[in-house]
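For reference, the structure discussed in these notes is given below.
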Amino acid sequence: MATSVLLSVEEYLQLEPREDGLDDELIQGEIVLSPSAKPLHAKVVARLFEILKPLEALGYARATDFGCILGKHSLPGPDLAAIRAERWRSVGEDDYLVGSPELVVEVFSPSNRKALMAQKAALYLQHGAEAVWVVYPKQRTLMVHEAESQTEARCGETVSFHGVVIPVTSIFEGL
C-alpha cells in the first residue's frame, strides 16, 4: 500500500518554479495543478472585482493573484478576495497573507473538480473566512459557503457580503 508524504508550506516554497505552463497551489499537503485561466474565467473574476468595489467604502481591500497560508500544509491562491484593508496593508511585499481572506471567491473551471472546490471552501472557512463564493460560469450559479450553511444562488437572486447586495445576473451579463 502506497503512502503519500504531505508537504508543508515551508517545503512547498523550496520547490523550483514550474516551467510547464501549469499553475499550482498547496492544498492540505498536496500540490494541485491547473492550467492557466481561460478568457471566461478571467472575465468573471474581472467582473466580480468591479462588482465588489463598494466593499472598499466598508474598509475592505480587493485582491487577486496572491497566496494565503492556511495552517502548516496549505497555500491556496484565491481567484479573488476581500480582506480587511488594515490586515491587507500589514502583509509585506514578499510575504503571504496568513489566514483566510474574509471573503473568498473561486471561479470553477472545467479542469477543476467539484470535490476540490468543496475541500477548498471548507479549508478557507476553517481558517477564518466569513464566506466563500464558488462561481459556476457555465451554469450561471454561485454557491455560497458559510460556517453553518451552503446555499446556491441563481440568476434572478442576490448574494450579499456585509450589506453589499449583488444580483447574480450582474455577474454573468454579456458574458
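The numbers here are math on the coordinates, done by the rules we state, and not lab data. Note that the structure is a prediction, hence the values are computed from the model and not measured. Note that each Cβ is placed from the backbone with ideal geometry, even for glycine, and that neighbours are counted across all protein chains shown.
What residues qualify as long-range amide H neighbours of Val159, i.e. H under 5 Å apart, gap of 5 or more or another chain, H built at 1.01 Å from N?
Residues meeting the criterion, in which the H sits 1.01 Å from N, are Ile166, Val168.
Where in region 157-173 does the amide nitrogen come within less than 16 Å of the point 7 Å from the Cα of Thr151, taken along Cα to Cβ?
Counting only backbone N, you get 157-169.
Mean shadow of the chain, computed from the convex hull of its alpha carbons, in nm²? Show your work: numbers first, answer last.
Working: hull surface 44.7 nm².
Taking a quarter of the hull surface, the average projection is 11.2 nm².
Output the 0 to 90 degree angle, nearest 10, between the alpha-carbon long axis of helix 39-51 and the longest principal axis computed from the alpha carbons of the chain.
Taking Cα atoms only, the helix is inclined about 60 degrees.
May I have the count of lysine pairs in the chain with C-alpha atoms under 23 Å apart, counting pairs 8 or more residues apart or located on different chains?
10
Going by how many other Cβ atoms sit within 10 Å of their own, how do Glu56, Glu19 line up, fewest first?
Ordered by Cβ neighbours within 10 Å, fewest first: Glu19, Glu56.
Full-extension gain between Glu10 and Thr64, please, as 0.36 nm times their residue separation minus the C-alpha to C-alpha distance.
Values: separation 54, 0.36 × 54 = 19.44 nm, distance 2.23 nm.
Answer, rounded to one decimal: 17.2 nm.
Please turn the phi angles of region 160-174 into ³J(HN,Hα) values with the Karplus equation 6.51 cos²θ - 1.76 cosθ + 1.60 (θ = phi - 60°), one per residue in order, whole Hz, x for glycine and proline.
Once θ is set to phi - 60°, the couplings for region 160-174 become 8, 9, 6, x, 7, 9, 10, x, 4, 3, 5, 5, 10, 4, x Hz.
To test your reading of the geometry: what angle, between 0 and 90 degrees and rounded to tens, separates the Cα axis of helix 114-126 from the longest principal axis of the chain?
90
Check Leu80: other-chain or 5+ apart residues with amide H under 5 Å from its amide H, H built from backbone geometry?
Val105
What order do you get for 9-15, 142-148, 69-75 when each peptide is scored by the mean count of other beta carbon atoms within 10 Å, highest first? Don't jump to the answer; show the numbers that get you there.
On the way: 9-15: 13.3, 142-148: 15.9, 69-75: 19.7.
Highest to lowest by the protection proxy: 69-75, 142-148, 9-15.
By DSSP, what percent of the beta bridges with both residues in region 37-172 are antiparallel, rounded to the nearest 5?
On the way: 23 of 30 bridges.
Of those bridges, close to 75 percent are antiparallel.
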